[in-house]
1. Given the whole protein assembly as supplied and a 1.4 Å probe, what does the accessible area of Tyr267 come to in Å², nearest 10?
2. I'd like to compare 248-261, 295-308: which one has the highest average count of other Cβ atoms within 10 Å, and what's the full order after that?
3. Holding the Cα-Cα limit at 21 Å, pick out from Lys3/Lys422; Lys227/Lys334; Lys275/Lys350 the pairs that are longer than that.
4. List the residues, sorted by chain then number, that are 5 or more residues from Gly157 or on another chain and whose placed amide H is less than 5 Å from its amide H.
5. May I ask you to derive the relative contact order of the range 121-220, considering only C-alpha pairs under 8 Å and at least 6 residues apart, and to give it as an integer percent?
6. Could you check the spin-label model distance between Asn384 and Arg244? Points 7 Å from the Cα along Cα→Cβ, value in nm.
7. What does the charge count near Ile296 come to, summing +1 for each Lys or Arg and -1 for each Asp or Glu among other residues with Cβ under 14 Å from its Cβ?
8. Subtracting the Cα-Cα distance from 0.36 nm times the residue separation, let me have the gained length for Thr162 to Tyr264 in nm, one decimal.
Amino acid sequence: MSKIEELLEKLCPDGVEYSLFSDVCDTVTDYTAAGSFADIAKNVKYYAEKQYGQLVRTTDLKSSFSSKNQVFIDEHAFQYLWRVNLDKESLILPNIGNCGEVYYVLPEMLPEANNVLGPNAILVRSSTINNRFLYHLFQGREFQDNLSRITSTTGQGKFNKTDLKKISIPVPPLPIQEEIVRILDTFTELTAELTAELTAELTARKKQYEHYLNGFFGRDIDEMSKKGNVVSLSSIGSLQRGKRFVHADAVDEGVPCVHYGELYTHYGVFATEAKSHIREDLRSKMRYAKKNDVIIVGAGENKTDIGVGVAWLGDENVAVHDACYTFTTDQNPKFISYYLRTELYHNQLKKWVAEGKICAVSADGIGKSLLSLPSLQEQERIVNILDKFDAYCNDISKGLPAEIEGRKKQYEYYRDQLLNFKRKER
């Protein structure tokens, strides 16, 4: 029998008491920031500087908030702090947009006592429940299921504090709370250490992948020219712009299509199946990529990533969005797709990108990009090598990403098992 089971049998043999959220948790929002633990600041400072995706103090860009103790604060969470004196450990529950996320805040992790809590979050703390226990509980399946029931799915997800207060949560005796916290924090720390090691390994593998990728194609024009047989994309194939379709045209089943945004978020080097479909009556109005074509994105939010492509290897033709181009060539399509991910290509392409609210590049600009073109046999050899790196680094079902994801799932499983209490009947 585990220590948790012994404690449950000793302290609550008839089951665990459940209480309303409002009976055991204090809540603060931007318009209720007053009372015993909320001190309105006269001169509120807004710390919102970001660097490398982490929140840092405006006074010290080199110091970031630690994740060692699982203090989850990022650029989103920090915007939720509004004139609240965080002199005690607290939790932040976003109630608009990022509903379901949970942030655990320690006073020493913040630059000063008076901070800012935006209108899209609720600050929670309890004087009767271990707040670290609440942190794990709020992430658990039972609480998340209850939260989803009160969350509107129209537009941005949102829920209100009144409905939150009506949720019933388990309140086991403090010794049980503390033992659960000890177990989950230990598990989390070990997982974090292993994940850090795996992430470092994955980073190293990606650097190795990028080294080979850029090495095969050359990192600049001079290096590329030494490889011989320099050609432009336009000289080895033709580029055709797609036809416009909109979100309202989307259906579950219909004409397979590729939207330009999906080249950034969904597709990798190659694809055999389309993620999306549009109405059947649009079939005759579309332009298509056929098998062994390369679909190249011609619009994006920045000029750094624009121009990436996916080799279409599906047997069925796929409709192409008008912010993309179809490149038809008799060369190895995956070889071209890998080229579209190189420093050599993007350093050339940025000269032809028109910058604005949305960056765009023309077919003519893409076509001017130069590369050294080896034989089809050599292209196949290079593709086979890069495919192994790509699968190992990027496919969530293989390699290190799958192991990292597996650790996360393992933690979630044990967390939900520990938080699955028999409810005491009243």
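1. Accessible area of Tyr267: about 20 Å².
2. 295-308, 248-261
3. Working: Lys3/Lys422 16 Å; Lys227/Lys334 19 Å; Lys275/Lys350 28 Å.
In this structure, Lys275/Lys350 lie more than 21 Å apart at Cα.
4. Those lying under 5 Å, H to H, from Gly157 are Gly97.
5. About 27 percent, as a whole number.
6. According to this spin-label approximation, the distance is 4.6 nm.
7. 0
8. Details: separation 102, 0.36 × 102 = 36.72 nm, distance 3.91 nm.
Length gained between Thr162 and Tyr264: 32.8 nm.
The values are calculated or read from the model by the stated rules, or taken from the named source; none is laboratory data. In this text, all values refer to a predicted model and were calculated from it rather than measured experimentally. Because the Cβ atoms are built from the backbone with ideal geometry, glycine has one as well, and the counts that use them run over all protein chains shown. Just the protein is used for accessible areas: all its heavy atoms, side chains included, with ligands, DNA and RNA removed. Shrake-Rupley method; radii C 1.70, N 1.55, O 1.52, S 1.80 Å.
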